[in-house]
1. Quick check on my filter: what residues within the stretch 102-115 are within 26 Å of GLU180 (Cα to Cα) and in contact with a strand residue (DSSP E or B) (Cβ under 6 Å, 6 or more places away or on another chain)?
2. Look at the stretch 52-93 and say how many of its residues are closer than 21 Å to GLY151 by Cα and over 18 Å from the mean Cα position of the chain (by Cα).
3. Looking at the stretch 29-49, I want the residues that are within 19 Å of GLY77 (Cα to Cα) and have a partner that is part of a loop (DSSP other than H, G, I, E, B) and among the charged types (D, E, K, R) with Cβ atoms under 7 Å, at least 6 apart or on another chain. Which pairs are those?
4. Looking at the stretch 20-60 only, could you name the residues that are assigned to a helix (DSSP H, G or I) and either modelled with pLDDT of 95 or more or within 16 Å of ligand 2 (Cβ to nearest atom) (or both)?
5. Please find, among ILE88, ILE98, the residue that is in a helix (DSSP H, G or I), farther than 21 Å from LEU152 by Cα and in contact (Cβ under 8 Å) with a residue 12 or more places away in the chain.
6. Being surrounded by 15 or more Cβ atoms within 10 Å (Cβ to Cβ) and within 16 Å of ligand 1 (Cβ to nearest atom) is the filter; apply it to the stretch 146-164 and report the residue that is farthest from the chain's Cα centre (by Cα).
7. Say whether the condition of being in the same structural domain as ALA81 (by TED's automatic domain parsing), touching a residue at least 12 places away in the same chain (Cβ under 8 Å), among the hydroxyl-bearing types (Ser, Thr, Tyr) and not in a strand (DSSP E or B) is met by at least one residue in the stretch 125-132.
8. Mind listing just one residue for me: the one in the stretch 176-216 that is acidic (Asp, Glu) and within 16 Å of ligand 1 (Cβ to nearest atom) and, of those, surrounded by the most Cβ atoms within 10 Å (Cβ to Cβ)?
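The values are calculated or read from the model by the stated rules, or taken from the named source; none is laboratory data. What you are looking at is a predicted structure, and each value in this text was computed from that prediction instead of being measured. A quick note on method: Cβ atoms are made from the backbone with ideal geometry, for glycine too, and the neighbour counts reach across all protein chains shown.
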Amino acid sequence: MPDLSQPREWLVRAASVAVLTGAGISAESGVPTFRGPGGLWRDYRPEDLATPQAFERDPKLVWEWYNWRRERIAGAGPNAAHRALVEIEKRTPRFTLITQNVDGLHDLAGSGKILKLHGDIWRLRCTVCGAEFPNRRVPLPKIPPHCACGGLARPGVVWFGEPLPPGIMQEAEHAARSAELFLVIGTSAVVYPAAGLIPLAKEGGAKVIEINLEETAFSQIVDCALRWPAAEILPQLL
Ligand code: BJW
Ligand code: ZN
């Protein structure tokens, strides 16, 4: 395991910590990532499944994929990395958790406020009346699911080409800019605007720690890169 004395010191001293998580933090829970070995985009093309055009073309196909992912996630639980973030939140005066994940595992671990940049796979939104509602049924009894108004429902997630939930980037940017320590965990950092938070935190004067098995586009600008599985190394940081 890498030497953790410097990152531990940053963590203990920081009065404000912001964290950006990606699919890699849930990998050890058994939830597939998008890119890389075993990633979802190895077998599926994002443009066929994760765009509004794909949903317009074939809502049933898109829903079958989400139904399958919901089943995978329902069988998974939070891991030691999700739990370590709850502990860091308790110990830090100002703490913001920003996630690109839609799996809900941070909620299950017990994190407080979570900025979910890409929505939530356990929420549905009506394409006709706009109603948004929770839905944890696995498997879905009918595909595609419908709203009480009779309209077609879609997953409450953010697809390529869609704007993020209103106001959420402003909150995330504020947290990144004002953080003394910024942790980037398990994200390939290729999807924007989320990835832009990393240089923003750096510009704001934060120490940036990356926890990832591999190099990313931002590895060169971070203050410390820890190449180790998140669920093993995060508890050691505490
Ligand atoms: C471990 C580990 C272990 C593994 N421990 N680590 C510039 C150029 C071209 C296009 C764009 C651009 N700027 C913006 C765009 C468009 C686009 C974009 O970014 N495209 C890029 C791909 C180029 N962005 C958008 O479209 C966004 N919207 C937008 O920009 O709107 C503008 C707008 C304004 C006004 C009106 C209209 C529009 C929206 C992006 C939505 C992304 N959606 C998805 C799907 C969500 C729903 C779902 O889950 O189905 O979000 S795509 C997918 O990627 C998902 C993820 O959240 C996101 C990021 O992936 P993540 O989390 O980084 O996962 P991986 O798999 O990539 O990486 C895992 C990492 O973990 C790896 O590095 C591993 O090494 C590591 N790892 N095990 C530690 N145990
Ligand atoms: Zn409706």
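1. Looking only at the stretch 102-115, we keep the residues that are within 26 Å of GLU180 (Cα to Cα), and these are 105-107, 109-115.
HIS106, SER111, ILE114, LEU115 - these are the residues of the stretch 102-115 that are within 26 Å of GLU180 (Cα to Cα) and in contact with a strand residue (DSSP E or B) (Cβ under 6 Å, 6 or more places away or on another chain).
2. Number satisfying all stated conditions: 15.
3. Close Cβ pairs satisfying both conditions: VAL31/ASP103.
4. Matches in the stretch 20-60: GLY24, ILE25, SER26, ALA27, PRO52, GLN53, ALA54, PHE55, GLU56, ARG57, PRO59, LYS60.
5. ILE88
6. ALA153
7. So far as the stretch 125-132 goes, no, none of its residues is in the same structural domain as ALA81 (by TED's automatic domain parsing), touching a residue at least 12 places away in the same chain (Cβ under 8 Å), among the hydroxyl-bearing types (Ser, Thr, Tyr) and not in a strand (DSSP E or B).
8. GLU210
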